[in-house]
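Reviewing the structure listed below.
Readers should treat all values here as calculations from the given coordinates under stated rules, not as data from a laboratory. Note that this is a predicted model, so its numbers are computed, not measured. We place every Cβ from the backbone using ideal geometry, glycine too, and count neighbours over all the protein chains shown.
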């Protein structure tokens, strides 16, 4: 387990569903948008190393849906078609999360997870959201240090953090130009509807994880009659976008930390961190204090106490957290712990190195104008939240580039529809905590929720056909019938033995220095 420092319009479908009586100028825009819907993609094999059935194409979408005859951008789309005669139900789109996450490979990923009975019914569709990956990627030209976006509050560094936030916002405006304000959730949803039409479908089915759940929910709000079978796995609370979703990382981490101290105290013979929860807690905070006085060298890097506090996500898996903290204690004592020096692969050479973060800022800052504009508000909030949530509160409430972002081009979406949707949620989810999943369930009044009591990790759905949650999802995708009521599943020990064991379609646990996203 490698430990690194923090590295860094108009209403829905107005052009596509014109009604009598629209103003002449708006009606005149219908024809240009219709041409987007009538595109004929040139499908081809994505690359020589992938299966021939995995096909890619590029389509055009408007940069600004208010001006469909204006600038265009590319949207990279992929598919694996079903070949089973008589069983095809339609198409299923995927989004794995972000904002800023690429989705072109999702048909390959999900094909291995979906059971044959479900897979045979759908053409599997992936896409890189606008501004991401191969879909006209944006960049802010950020250095590695500038990509360090979750920063602890310290009185003597706050002024520098304000300057950093202002600089990042300025760089993004300079490098991304007029595209920046159009990289938003609502416009990505409009792109999804163009994909639907280009594929010749009246409706789409959808499986979204993390940020992908918010995309799916906004689609049901903007295009309710075009939403078929929607599964939202590990959900963003639409009432918290977006500062509240960052802050919930802090409030959600404290119960997980407490649970970890209890779990670890019962296993003192293994981890030697204390035989009571209070002693385990003291061991951790003593390590933080020690690292603040003299950084702890671990895997060739020197970690401060603030660096260690960034591991808040790993506490959602007690076993993973106990191992990490035990290794840190060994390192602090001058002993060698178990280490894994493997690092994730770097980004595609064709994609700017800061593309994912640039797209992330574009969405979280550009979706809503609710971000405070006064830097002193962030200072006050960070001080207050650090006292309430010592592990991560100041990180989650400190200054962000959004404080200096341009005003949002349109209001944030209010999600409050009755479209039938299936939401899925683990009890111990580090990125979209349980309170967030429940917020989505409340907002989607026609939804049913599959709750996994004791479930750990971000991303519930997997290829395991025995798991209760997977059975519920597969039954819904096969039949279109939602459960009669909410479903409670119990996590099995083998699926929760270690959140460090990554399952397809999920996010690994957060460790010190790992960048947080949804």
Proxy reagent accessibility, fewest Cβ within 10 Å first, across 46, 468
468, 46
From the Cα centre of the stretch 196-275 to that of the stretch 114-193, the distance in Å is 18
Under the rule rounded for a/c under 1.5, else prolate if a/b exceeds b/c, else oblate, using alpha carbon gyration tensor axes a ≥ b ≥ c, the stretch 358-413 is classed as prolate
Can you tell me the mean projection area, over all orientations, of the convex hull of the chain's alpha carbons? Units nm², please.
24.2
According to the square roots a ≥ b ≥ c of the eigenvalues of the Cα gyration tensor, what is the shape class of the stretch 183-262, taking rounded for a/c under 1.5, prolate for a/b larger than b/c otherwise, and oblate for the remainder?
prolate
Rule-of-thumb Rg ratio for the stretch 123-207 [Cα; 2.2 N^0.38 Å; N residues]:
1.50
Arrange the following residues from fewest to most other Cβ atoms within 10 Å of their Cβ: 290, 63, 215.
290, 63, 215
Any chance you could tell me what percent of the C-alpha pair distances in the stretch 163-228 go past 17 Å?
52
Arrange the following residues from fewest to most other Cβ atoms within 10 Å of their Cβ: 323, 40.
40, 323
Can you compute the equivalent ellipsoid semi-axes for the stretch 54-137, i.e. the square root of 5 times each eigenvalue of the Cα gyration tensor, sorted largest first and rounded to whole Å?
27, 14, 10
Sum -39500 (n - 2.57) across every DSSP H segment of at least 4 residues in the chain, then divide by the residue count to get the 222 nm mean residue ellipticity, nearest 500.
-11000 deg cm²/dmol
Translational diffusion coefficient (Stokes-Einstein; Kirkwood radius from C-alpha pairs) of the stretch 175-318 at 4 °C, 1.567 mPa s, in µm²/s:
68
